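Some notes on the structure that comes next.
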Amino acid sequence: MTNTDTFTLPGHIFIILASDRLLTHMEEIAIVEVPDQQVLGITKTGSYPLIPELLMQLAGYIMEKKYTFAGMPTFLCHETSPECVKEANEKGTAKVEVVWPVAGKVSGTGDIRVYTLPGGKMVRTVHRGPYETCEPTYLALFAWIEKQRLQISGPIREIYPNDPREVKPEEILTEILVPVR
């Protein structure tokens with residue numbers, strides 16, 4: 001067995017990481033059309049461990065103002081290759097942008113701003129398993145995009161449909177959307 005082996009069943013791709021024998025899987029990759037969304041967001045420069053802290057700050061603000069959540073928390077990754085992600089995280093130069101879709105009339109304050117997150121044509125998959133095991137899913141996604149002769153046209157989105165504090169690590173879901181043209 002190599003470092004990473006894969007096998008498929010209809011609708012899913014399973015990835016076995018040989019280093020720790022952890023089984024993760026991802027849904028099949030598909031092209032989807034995503035609508036524009038009104039969001040509240042925060043952007044900081046740093047490393048990716050900022051993500052949960054910024055999401056908690058956003059959630060606290062939304063609840064304090066009694067705004068209506070209209071979707072799941074999302075991280076926008078402006079580094080669009082594995083090499084750039086690794087370098088930006090190590091150097092603390094990553095543009096860490098997190099957003100939360102909201103409904104109705106809302107306003108921002110300080111670092112929190114309201115804006116429309118553009119929709120469009122995106123490549124989508126869902127990774128199941130700990131966040132630390134997403135790399136093989138991303139590599140498969142990037143290879144699929146290249147094979148389809150598509151180009152990444154904006155920040156990659158990670159949507160977090162469940163709370164890692166409330167589910168087992170192997171049940172954590174990460175929906176990945178990659179804008180393409």
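Observations
- Choice from Glu132, Glu146, Glu87 with maximal GNM fluctuation in the chain (Cα, 10 Å cutoff): Glu132
- Cβ crowding within 10 Å, taken as a proxy for footprinting-reagent exposure, orders Arg149, Arg113 from fewest neighbours to most as Arg149, Arg113.
- Working from label points 7 Å from Cα in the Cα-to-Cβ sense, the Glu90 to Arg113 distance is 3.1 nm.
- Binned Cα-Cα distance frequencies in segment 37-117 - 5 Å width, integer %: 3, 16, 27, 22, 14, 10, 5, 2, 0
- At full extension, Met56 and Ala30 could sit 6.3 nm farther apart than now, given 0.36 nm per residue minus the alpha carbon distance.
- Helix-derived mean residue ellipticity, 222 nm - over the chain, DSSP H n ≥ 4, -39500 (n - 2.57), to 500: -6500 deg cm²/dmol
- Eigenvalues of the alpha-carbon gyration tensor of segment 78-124, scaled by 5 and square-rooted, set the equivalent ellipsoid semi-axes at 27, 17, 6 angstrom, largest first.
- Pairwise centroid distance, computed over Cα atoms, of segment 35-54 with segment 119-138, Å: 17 Å
- Answer label, with P(r) over Cα pairs in 5 Å bins from 0, in percent calculated from the coordinates and candidates (i) 1, 8, 16, 19, 20, 18, 10, 5, 2, 1, 0; (ii) 1, 7, 14, 17, 17, 17, 14, 8, 3, 1; (iii) 1, 6, 7, 8, 6, 6, 5, 4, 4, 3, 3, 3, 3, 3, 3, 3, 3, 3, 3, 3, 2, 2, 2, 2, 2, 2, 2, 2, 1, 1, 1, 0, 0, 0: (i)
All of the numbers you see were taken from the coordinates with simple rules; none came from a lab. Keep in mind that what you see is a predicted model, and the values were worked out from it rather than measured. FYI the Cβ positions are ideal-geometry reconstructions off the backbone, even for glycines, and counts take in every protein chain you see.
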